[in-house]
Amino acid sequence: MPNNIIEDFVRQVLPTERSSSYMLALGDYRFSVDTAAYQSFTRDLTFLWPTQQRFGGHATPQFVGKGEFKRSLKGDIYPEYKGGLKQIDAMAAEASQGRPLQLISGTGEVMGYWCITSIHEEATVFHHNGQPRKISFSLALSFYDSVYKGA
């Protein structure tokens with residue numbers, strides 16, 4: 001991938017113009033139109049400001065560092081169109097590995113290592129045999145670090 005970025009810089013290709021077969025990669029799972037396309041990708045950052053008591057004065061907050069960094073994805077799967085019925089199982093298989101997963105955008109941005117902390121699935125609009133026509137999902141991620149040295 002780094003060679004493609006250098007070539008794009010020389011040709012002045014914007015990151016959004018690079019072609020990719022996926023929207024986002026999380027470990028070995030690929031979010032795409034053909035698997036599970038997400039409609040929202042949110043980011044939550046926290047910063048730590050505990051209150052410190054001062055002698056003879058009122059308590060004031062003191063910055064002690066960054067807090068948690070979380071992301072979430074929400075999307076829909078239409079099994080008859082693309083993706084099939086096993087996409088949530090594939091996401092859960094990645095989460096079940098018990099290790100942080102590298103997150104890479106479809107434009108090639110390496111976003112560090114993340115832990116899947118929860119998966120929510122909702123099946124709606126059913127066939128007469130009970131098979132869902134629409135599966136909505138949400139994934140909660142917590143930032144681990146920019147590197148992972150585990151096996």
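Give region 93-120 a look and list any residue that's more than 15 Å from residue 42 (Cβ to Cβ), of a type outside the set (A, V, I, L, M, F, W, C) and assigned to a strand (DSSP E or B), or say none.
Across region 93-120, the qualifying residues are 102, 112, 113.
Yes/no per residue for (1) under 30 Å from residue 138 (Cβ atoms); (2) among the basic types (Lys, Arg); (3) at pLDDT 90 or above:
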| site | (1), (2), (3) |
| --- | --- |
| 10 | no, no, no |
| 19 | yes, no, no |
| 24 | yes, no, yes |
| 34 | yes, no, no |
| 41 | yes, no, yes |
| 61 | no, no, yes |
| 84 | yes, no, no |
| 88 | yes, no, yes |
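Quick one: which of 122, 109 is under 16 Å from the mean Cα position of the chain (by Cα) and surrounded by fewer than 16 Cβ atoms within 10 Å (Cβ to Cβ)?
Checking each option against the conditions leaves just 109.
Please state which of the following conditions residue 123 fails to meet, knowing it meets all the rest: (1) of a type in the set (Gly, Ala, Ser); (2) under 19 Å from residue 39 (Cα atoms); (3) assigned to a loop (DSSP other than H, G, I, E, B).
It is condition (3) that residue 123 fails.
Which members of region 135-147 meet the condition of being surrounded by 15 or more Cβ atoms within 10 Å (Cβ to Cβ) and more than 14 Å from the chain's Cα centre (by Cα)? Spell out how you get there, then give the answer.
Filtering region 135-147 for residues surrounded by 15 or more Cβ atoms within 10 Å (Cβ to Cβ) gives 135-144.
Passing the criteria: 135, 136.
The rows are residues; the columns are (1) farther than 17 Å from residue 73 by Cα; (2) among the aromatic types (Phe, Trp, Tyr).
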| position | (1), (2) |
| --- | --- |
| 101 | no, no |
| 104 | no, no |
| 112 | no, no |
| 119 | no, no |
| 127 | yes, no |
| 132 | yes, no |
| 137 | no, yes |
| 141 | no, no |
| 145 | yes, no |
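Residue 98 fails exactly one of the following numbered conditions: (1) more than 15 Å from residue 140 (Cα to Cα); (2) at pLDDT below 95; (3) loosely packed, with under 12 Cβ neighbours inside 10 Å; (4) under 20 Å from the mean Cα position of the chain (by Cα). What is the number of that condition?
Among (1) more than 15 Å from residue 140 (Cα to Cα); (2) at pLDDT below 95; (3) loosely packed, with under 12 Cβ neighbours inside 10 Å; (4) under 20 Å from the mean Cα position of the chain (by Cα), residue 98 violates only (1).
Okay, residues lined up against (1) within 25 Å of residue 27 (Cβ to Cβ); (2) of a type in the set (D, E, K, R); (3) surrounded by 13 or more Cβ atoms within 10 Å (Cβ to Cβ); (4) free of Cβ contacts under 8 Å to residues at least 12 places away in the same chain:
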| residue | (1), (2), (3), (4) |
| --- | --- |
| 50 | no, no, no, no |
| 56 | no, no, no, yes |
| 66 | yes, yes, no, no |
| 69 | yes, no, yes, no |
| 85 | yes, no, yes, no |
| 113 | yes, no, yes, no |
| 117 | yes, no, no, no |
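Here's a check for you: in region 21-69, which residue that is of a type in the set (Val, Ile, Thr), under 30 Å from residue 93 (Cα atoms) and outside any loop (DSSP other than H, G, I, E, B) is farthest from the chain's Cα centre (by Cα)? Even if it seems obvious, please write down each step before you answer.
Of the residues in region 21-69, the ones of a type in the set (Val, Ile, Thr) are 33, 35, 42, 46, 51, 60, 64.
Narrowing further to those that are under 30 Å from residue 93 (Cα atoms): 33, 35, 42, 46.
Filter once more, keeping what is outside any loop (DSSP other than H, G, I, E, B): 42, 46.
Details: 42: 8, 46: 17 Å.
Per the criteria, the residue is 46.
Quick check: is even one residue across region 76-89 hydroxyl-bearing (Ser, Thr, Tyr) and assigned to a strand (DSSP E or B)?
Step one: list which residues in region 76-89 are hydroxyl-bearing (Ser, Thr, Tyr), which gives 78, 81.
Okay, now just the ones that are also assigned to a strand (DSSP E or B), so none.
No - not one qualifying residue is present in region 76-89.
Could you please find all residues in region 96-134 being closer than 17 Å to residue 23 by Cβ and touching a strand residue (DSSP E or B) at 6+ places or on another chain (Cβ under 7 Å)? Write out each step before concluding.
First, the residues of region 96-134 that are closer than 17 Å to residue 23 by Cβ: 101-111, 114, 116.
Listed by number, the residues that qualify are 101, 102, 103, 104, 105, 106, 110, 111, 114, 116.
The values are calculated or read from the model by the stated rules, or taken from the named source; none is laboratory data. It should be emphasised that the depicted structure is a prediction, and the values quoted were computed from it without experimental measurement. Reconstructed Cβ throughout: ideal geometry from the backbone, glycine too, with neighbour counts over all protein chains shown.
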